[in-house]
Structures are given as C-alpha cells and as structure tokens.
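First the structure, in the form of structure tokens, and then the observations on it.
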Amino acid sequence: MPDARRADCDLAASDFLMLPYSNRIEDGRFTFAGRTHQLAHGDHHAIHGDTRQRAWRVAESTATKLVCTFESSDYEDVNWPWPFAARVVYALDELTFASQITLWNRGETPMPA
C-alpha cells in the first residue's frame, strides 16, 4: 500500500477519478468483443484507470460549480486501447454537493466502460 502521507500519493484524496475503468484488471489483461487487450501494469494489475494522476483542463469555475475535462488524445501514453474524453462537474447549493462524471468513446469501435 502506498504511503498516503506523500504529496504525490492520490490516496490522500477523498475522491479521485477512476477513468476509463475502475478497480483492478488482473494482470492488465482483458477480453472484450472477442479481442484480448494487454494494459501496462505496475504491481501485477492495471488499477483505477489512467486519469487520476494526469492534468485535467478547467472548463468552468464559479463559486458553486467546477467543470473539468480530459482528452486522452492529449497524451501519447494513455493506458487504454480506445481514445476517450471525460468531463466531471462538481456543484454546490445550499443543501447538497453533487458530482457528475461523463465518459465518451472517441473511437470507431465499442468500448467497455
């Protein structure tokens, strides 16, 4: 388990975005639509997506709302076989905090996400 006290450790966050997949992909290998895909993996498994330690763009920022976007095409080394885009919206009102995560497949074939 990583040391959550380190500044570069995302486990200290109360929430991080696990896109385009969450959890673990055993040995970084999975089959979808009849094709086997191999992801890079550090500690035996590909884990928690590929966006949590990458920069997102701030698309909108107000006192009560934050919108950030991500484009996998901005990075040559994204660890996912399909190009994708994502958006997260965080919003506050007097009584609630809401978050909305949207993921788009930018590829030509279906994507498991």
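Model label sites at Ala63 and His44, defined 7 Å from Cα along the beta-carbon direction, differ in position by 5.1 nm. Look at the alpha carbon pairs under 8 Å that are at least 6 residues apart: their mean separation over the length of the chain gives a relative contact order of 18 percent. Kirkwood radius and radius of gyration were both taken over the C-alpha atoms of the chain, and their ratio Rg/Rh is 1.00.
Under a plain spin-label model, where a point goes 7 Å from the Cα along Cα-to-Cβ, how far apart in nm are Asp27 and Phe97? Those two pseudo-labels are separated by 4.0 nm. Other residues lying with their Cβ under 14 Å from the Cβ of Thr36 contribute a combined charge of 0, Lys and Arg counting +1, Asp and Glu -1. Put simply, the amide H of Phe84, placed in the peptide plane, has neighbours under 5 Å in Ser72, Ser73, Arg106, leaving out anything fewer than 5 places away on its chain.
By other beta-carbon atoms within 10 Å, ranking His44, His37 with the fewest at the front produces His44, His37.
Coupling constants for the range 72-86 follow from the phi torsions by the Karplus curve (6.51 cos²θ - 1.76 cosθ + 1.60, θ = phi - 60°), and in residue order they are 5, 5, 6, 10, 6, 10, 4, 8, 7, x, 10, x, 8, 10, 9 Hz; glycine and proline get x.
Here the simple spin-label model places points 7 Å from the Cα toward Cβ, and for Arg54 and Asp77 these points are separated by 1.2 nm. Taking amide H as placed 1.01 Å from N in the peptide plane, Asp50 has its amide H under 5 Å from the amide H of Leu19, Tyr21, each at least 5 places away in sequence or on another chain. For the range 17-29, the Karplus equation 6.51 cos²θ - 1.76 cosθ + 1.60, evaluated at θ = phi - 60°, returns couplings of 7, 9, 10, x, 9, 10, 6, 10, 10, 4, 6, x, 10 Hz by residue, with Gly and Pro reported as x. For the range 11-66, the direction-averaged projected area of the alpha-carbon convex hull comes to 5.7 nm².
Rule-based calculations on the coordinates, nothing more; no lab input. None of these values were measured; they are calculated from a predicted model. Quick reminder, even Gly has a Cβ in these numbers, built from the backbone with ideal geometry, and neighbours come from all protein chains shown.
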